[in-house]
Amino acid sequence: MTAPQLAQPAPATATTRARARSRVEGGVRTTLWKQIVFYVLIAIFVLFCVLPFLWTLITSLKSEAEIFSVPIKYLPNPITFEQYSKIFHLVRFNRSLLNSALVAGWATLISLVIGSVCAYALARLTFPGKNFILALVLTIAMFPGIVIVGPLYQQFSNWHLINNYLAFHLFPLALILPNVTFTLPLCIWTLNAFFRDLPLELEESARVDGCTRMQTFMRIVAPLAAPGVFTAAILLFIAAWNEFLFARTFMSEEHNLTATVVIAQFEGADVGTQYPWGQITAASIIITLPLVLIVLLFQLRIISGLTSGAVKG
Amino acid sequence: MATTEGTTAPAAAAATIHRRHKSTQAQADARLGLILVAPAVLTIAVIAFYPLIRAIVNSLHKISLRFANQPRPFIGLRNYSDLLHDSRWWNALGVTARVVGVSVAVELVLGMIIALLLNRAFHVRGIVRAAVLIPWALTTVVSAKMWSWIYDARYGVFNDILMKLHIINKPIIWLSRPDLTIWAMIAAEIWKTTPFMALLLLAGLQLIPGDLYEAAAIDGTNGWQNFWKITLPLMKPTILVALLFRTIDAVRIFDLPRVLTNGGPGQTTETLVLYAYNSLFTSLNFGYGSALAVSVFLIVLLVSFFYIKVLGTPTQGARS
C-alpha cells in the first residue's frame, strides 16, 4: 500500500523540477525548434543593422561605370579604390576632416574638464541647490539647438567668430561653444552615474586617514575615474563629430567646413555628369570609419556608459 | 532618574560636539561642491540660457535681416498669434507629430522584441553588440545620404530588391512622391535609432533578477504571462526613460529631413525645426523664426512634462 504511494509522487516531482529547469531562461521552454527561430531572428536583426552600411561600403569600392549599371551589380568586380582617390584629392574634404577633429576634440576636452568636477560634486557632495542643478543639466540636454542657433549667430557675428578659426586655424570657437551646450550635459550625466557607482568605502577610508576632499579626489577618485572619463570622452567625441546644425550655420567658407557639412553639400569633382554617388559613399565610409572602429573596440564601455545614466538614473 | 540624567548629559554633549563637527565638515563640503559645479553652471548659463532668453526676446519683435539697419519694433505676442494662423506651421506640426508618433511606437515595439532576444543571446553577444552600435555611431547626415542612395529611383538597391521580389514592377521614386516620402524618411529614422532603443531596454531587462522567473516557472506560468506580469511592470521606469529621450530627440529632428529631402516634395517632410531653420536663415525673418524655434522648445517642455508628471517620474522609478 505504501509502495505505490511512495512511487507516485517521486516521478511527478522529478518531471516538475526538470520542467522548471528548462523554463528558467526567461520563462520559455527551449526546444530545438524555438532555438532555431531565435537565432534566425537574431541574424535578421544583425543584417538589418549592418546591410545598409555594407551597401555603402560596396558602392564605394565600385568603378563609376559599375555604380550606375542597370541591372544593379551586387558585388564590385573588380574592387577599385578610385572613388577614394578622387575624394582625397578634394582639398576641402581633407580639410574638413581636420576641422571636424578640431571641433570635436576641443568640445570634448572642455566638457571633460568642466563636467567631471561638476559630476563628482553632484555625486558625492551635498550643497544647496544640488537638485536644481541636476534638473538644469537635464533641461539643457533636452534643448533643441534651433532655439539657440539664432541668438548665437547674432552674438558670434558681433565677435567676428563666424567663419573664423582664430590663431593658426586651431580654435573654431563658433563651433566649439555650441557643441559644448550638449556635450557638457552629456558628460555630467554619464560621469555622475559613474561616480555614484564607485565604492564609497575607498573615499571614506581615505577621509578617516585624514585626507581632505580635494586630496581624496586627486589620489583616490581620479585614478579610478579613468575608465569612466575615457568612456565619456568617446561618447562626447562621437556626438560632437556628428553635429550638423551648428556646423552648417556658423561656418560657410569652404576651408572652414566640417566633414558633416561637406558630405551634406557634396557636389563632387565631376560636376555635370552623374550625381557623384561613388565619392559620396567613399566620403561616408571615411568619415564613419574612425567611429565604427572606436565603437567596435570599446563596445562594452560605450554601452555601459550610454545605459548607466539612463537606466540607473 | 539620576542615571538617565547621568547618561543623557554626556551623550547630549557628545551629540552636540558631533553635530558641530559635522556641520563644519558639511559646510566645507558645501563650499567645495559649489566651487566644483560653478564652472559648469556658468558655462551653461552663458552659452545656453542666455541665448534662450535672447531667442524669446527676439520672438517678441519684428526682425528682418534682409536689409541692414531696419527698425525692430516690439510687437508682443503677434508672432505667436501669426504662428497659430500659419498653415505651414500646422503642416510642420503634423509632419513632426507623424514622425514622432510612428517612429517612437515602432521603435518601442521592435526595440523590446530585440531586447528580449538579446537578453538570452549569450553566445553571440559580441557580434550583436557591434552590429547594434553601427547605426548609432553613424553620423545622421551620412545616414541620410546613405538612404538617399538606397532610395534612388533608378540605381537604388531598395527598388531593385522590391522588383526582384515582385512586390512592385516599376521603380518607385521614393523621395519625390508626396504620399510616400515621409514614410521613406520615417523608415530611415527607425533604422537609425531602433538599435539604441533596444540597448536601453536591454539594460533595463538585465536589472530584473532571474529568481523571479524561476519562481514563476515553479508556479507553472508560460512565457507570455511572464512577459506581462513580471517583465513589463518591472521595465516601466526603463521604458519611460527610453520613451522620454527618444520622443524629445524625434521632436528635434533636423539632420535627416534637411539632407534627405530638404522638406520636400513641397512641404510634406518639413518638420518644425526645419521650418524654423528656413525661416531664420533663408527668409532671414529672425523675429518670426525665433517664435517658431521657441514653439519647438515649448513642445519639448510639454512632452517632458507629460512623461514625468502623467506617467511617473523616471529617476525615482529607476532607483526603485
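For the reader, a short list of remarks on this structure follows.
- Condition met for residue B:66 (part of a loop (DSSP other than H, G, I, E, B), touching a residue at least 60 places away in the same chain (Cβ under 8 Å) and in contact with a strand residue (DSSP E or B) (Cβ under 7 Å, 6 or more places away or on another chain)): no
- For residue B:245, the criteria (1) at pLDDT 90 or above; (2) outside any loop (DSSP other than H, G, I, E, B) hold in every case but one, which is (1).
- Residues being surrounded by fewer than 20 Cβ atoms within 10 Å (Cβ to Cβ), within 28 Å of residue A:40 (Cα to Cα) and either facing chain A (nearest Cβ under 7 Å) or modelled with pLDDT of 85 or more (or both) are entirely absent from region B:167-180.
- Residue within region A:143-161 that is within 23 Å of the chain's Cα centre (by Cα), modelled with pLDDT of 85 or more and of a type in the set (S, T, N, Q) present: no
- As a summary of the residue check, residue A:223 satisfies the conditions (1) away from chain B (no Cβ under 14 Å); (2) touching a Ser or Thr at 6+ places or on another chain (Cβ under 7 Å); (3) not basic (Lys, Arg) except for the one numbered (2).
- The criterion of at least 2 residues that are of a type in the set (Ser, Thr, Tyr) and within 26 Å of residue A:241 (Cβ to Cβ) is met by the following helices (runs of 4 or more DSSP H) wholly inside region A:121-229: A:145-158, A:173-197.
- Members of region A:73-103 that are assigned to a loop (DSSP other than H, G, I, E, B) and under 17 Å from residue A:280 (Cβ atoms): A:76, A:80, A:81, A:89, A:90
- Matching residues, region B:254-287, being outside any helix (DSSP H, G or I) and touching an Asp or Glu at 6+ places or on another chain (Cβ under 7 Å): B:263
- Just so you know, in region A:118-152 the residues that are facing chain B (nearest Cβ under 8 Å) and touching a residue at least 60 places away in the same chain (Cβ under 8 Å) include one that is surrounded by the fewest Cβ atoms within 10 Å (Cβ to Cβ), and it is A:125.
- Applying a threshold of 8 Å to beta carbon distances and a minimum spacing of six or more residues, or different chains, the list of pairs starting in region B:214-234 at a residue that is farther than 22 Å from residue B:203 by Cα and ending at one that is in a helix (DSSP H, G or I) and of a type in the set (D, E, K, R) reads B:217/A:19; B:217/A:23; B:221/B:229.
- Residue count for region B:133-146, restricted to those that are more than 7 Å from chain A (Cβ to nearest Cβ) and out of contact with any Pro (no Cβ under 7 Å at 6 or more places or on another chain): 2
- Sole residue being of a type in the set (Lys, Arg), over 30 Å from residue A:278 (Cα atoms) and surrounded by fewer than 22 Cβ atoms within 10 Å (Cβ to Cβ), chosen from B:120, B:129: B:120
- Listed by first and then second residue, the pairs linking a residue in region A:263-277 that is within 9 Å of chain B (Cβ to nearest Cβ) to a residue that is exposed (fewer than 13 other Cβ atoms within 10 Å of the Cβ) and modelled with pLDDT under 80, with Cβ atoms under 9 Å apart and 6 or more places separating them unless they lie on different chains, are A:275/A:267.
- Among the residues of region A:59-71, those identified as at the interface with chain B (Cβ under 9 Å from one of its Cβ atoms) and crowded, with 18+ Cβ neighbours inside 10 Å are A:59, A:67.
- Boolean, residue A:194 is surrounded by 19 or more Cβ atoms within 10 Å (Cβ to Cβ), more than 30 Å from residue B:64 (Cβ to Cβ), touching a Ser or Thr at 6+ places or on another chain (Cβ under 9 Å) and among the aromatic types (Phe, Trp, Tyr): yes
For every residue, the table says whether it meets (1) assigned to a helix (DSSP H, G or I); (2) in contact with a helix residue (DSSP H, G or I) (Cβ under 9 Å, 6 or more places away or on another chain); (3) within 8 Å of chain A (Cβ to nearest Cβ); (4) not aliphatic (A, V, I, L, M).
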site: B:92; (1), (2), (3), (4): yes, yes, no, no
site: B:95; (1), (2), (3), (4): yes, yes, no, no
site: B:106; (1), (2), (3), (4): yes, yes, no, no
site: B:111; (1), (2), (3), (4): yes, yes, no, yes
site: B:117; (1), (2), (3), (4): yes, yes, yes, no
site: B:128; (1), (2), (3), (4): yes, yes, yes, no
site: B:131; (1), (2), (3), (4): yes, yes, yes, no
site: B:155; (1), (2), (3), (4): no, yes, yes, yes
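- Of all residues making up region B:75-90, the number that are out of contact with any strand residue (DSSP E or B) (no Cβ under 9 Å at 6 or more places or on another chain), in a helix (DSSP H, G or I) and more than 20 Å from residue B:269 (Cα to Cα): 4
- Qualifying residues in region B:157-166 (those that are hydrophobic (A, V, I, L, M, F, W, C) and part of a helix (DSSP H, G or I)) - the one surrounded by the most Cβ atoms within 10 Å (Cβ to Cβ): B:158
- Restricting attention to region B:189-221 and to residues that are part of a helix (DSSP H, G or I) and of a type in the set (Val, Ile, Thr), the residue that is surrounded by the most Cβ atoms within 10 Å (Cβ to Cβ) turns out to be B:194.
- Selection from region B:232-250 of residues that are among the hydroxyl-bearing types (Ser, Thr, Tyr) and at the interface with chain A (Cβ under 8 Å from one of its Cβ atoms): B:238
The values are calculated or read from the model by the stated rules, or taken from the named source; none is laboratory data. As the structure is a prediction and not an experimental result, all values here were calculated from the model. Using ideal geometry, Cβ is built from the backbone for each residue, glycine included, and neighbour counts are taken over all protein chains shown.
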